[in-house]
1. Return the only residue of Leu136, Leu179 being touching a Leu at 6+ places or on another chain (Cβ under 7 Å), modelled with pLDDT under 95 and not in a loop (DSSP other than H, G, I, E, B).
2. Just to verify a result, which residue in the stretch 79-116, among those that are among the β-branched types (Val, Ile, Thr), more than 8 Å from the ligand (Cβ to nearest atom) and at pLDDT 95 or above, is farthest from the chain's Cα centre (by Cα)?
3. When the residues of the stretch 39-56 are filtered to those that are among the hydroxyl-bearing types (Ser, Thr, Tyr) and closer than 19 Å to Leu17 by Cα, which remaining residue is farthest from the ligand (Cβ to nearest atom)?
4. Cβ-Cβ under 7 Å, sequence separation 6+ or interchain: first residue in the stretch 108-132 and assigned by TED's automatic domain parsing to the domain that holds Leu19, partner surrounded by 15 or more Cβ atoms within 10 Å (Cβ to Cβ) and polar (S, T, N, Q). Which pairs?
5. Can you tell me which of (1) in contact (Cβ under 8 Å) with a residue 40 or more places away in the chain; (2) within 14 Å of Ile134 (Cα to Cα) is the one Glu34 doesn't meet?
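The values are calculated or read from the model by the stated rules, or taken from the named source; none is laboratory data. Source: prediction; values computed, not measured. Cβ atoms come from the backbone with ideal geometry, glycine included; neighbour counts cover every protein chain shown.
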Amino acid sequence: MPEYVLGHHLKGEGKRLALMSELLDPMHRRHIEELDIVKPGARTLEVGCGNGSISAWLARRVSPDGKAVAVDLDLSLIDVRAPNLELRQDDIVAAPVDRRSFDLVTARAVLHHVANVEAAIGNLVASLRPDGAILLIEPDFLPVSVAKPPCTAARGTADQIYLGKKWQRVRESNPCTSLERAVS
Ligand SMILES: C[S@@+](CC[C@H](N)C(=O)[O-])C[C@H]1O[C@@H](n2cnc3c(N)ncnc32)[C@H](O)[C@@H]1O
């Protein structure tokens, strides 16, 4: 069973996801619109869809003939429904959703939670149609500033950062480090 630290059963998780939708959906929708690929009849995939707000918007954009597929480990906090919105409980690390079948694949604030990010991105790419587009949005945790003592302090960008022993361990286990490798 995949591990996810912010389980949907936790108190306040629904409110947290609603706040993320309110704050981040306008930016996410703008980036999708810039791709100019989501039109009536298109097939879209969102993984780690949370409460489903972006997938519901995608479902409206691809209607009446298209389909928006929304995938998450846990579908219990999804509060949207639409005729052409398909909800699937699945683990994106395990396998592609449907091979070579989506015009758009997107994920927001998901990959930094995933232990095997290379496998996840490989599965997302495998789910794309040959001319499809992939849009991955992750939080930027840097620069960061944390408390003294110096061995735990980190300031600056990833390249300039002070690599105290503790921070070095954090970096080594940070999926974003492998993501840089995966996309370069
Ligand atoms: C921080 S929430 C972000 C939700 C939504 N994308 C947003 O930005 O509002 C991360 C979501 O990814 C889901 N998730 C985590 N690991 C996953 C995996 N391996 N496969 C599918 N979904 C996953 C979680 O269940 C959770 O709903």
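1. Leu179
2. Here is the first cut: in the stretch 79-116, the residues among the β-branched types (Val, Ile, Thr) are 80, 92-93, 97, 105-106, 110, 114.
Applying the additional criterion that residues be more than 8 Å from the ligand (Cβ to nearest atom) yields 80, 97, 105-106.
Then drop every residue that is not at pLDDT 95 or above, which leaves 97, 105-106.
Numbers: Val97: 14, Val105: 10, Thr106: 7 Å.
My answer is Val97.
3. Here is the first cut: in the stretch 39-56, the residues among the hydroxyl-bearing types (Ser, Thr, Tyr) are 44, 53, 55.
Going one step further and asking which of them are closer than 19 Å to Leu17 by Cα, we end up with 53, 55.
Details: Ser53: 7, Ser55: 9 Å.
Across the stretch 39-56, the extreme among qualifying residues is Ser55.
4. Val117/Ser178; Glu118/Ser178; Ser127/Ser101; Arg129/Ser101
5. (1)
Okay, residues lined up against (1) of a type in the set (Lys, Arg); (2) touching a residue at least 24 places away in the same chain (Cβ under 8 Å); (3) touching a strand residue (DSSP E or B) at 6+ places or on another chain (Cβ under 9 Å):
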residue: Arg43; (1), (2), (3): yes, yes, yes
residue: Val62; (1), (2), (3): no, yes, yes
residue: Lys67; (1), (2), (3): yes, yes, yes
residue: Arg88; (1), (2), (3): yes, no, yes
residue: Phe102; (1), (2), (3): no, yes, yes
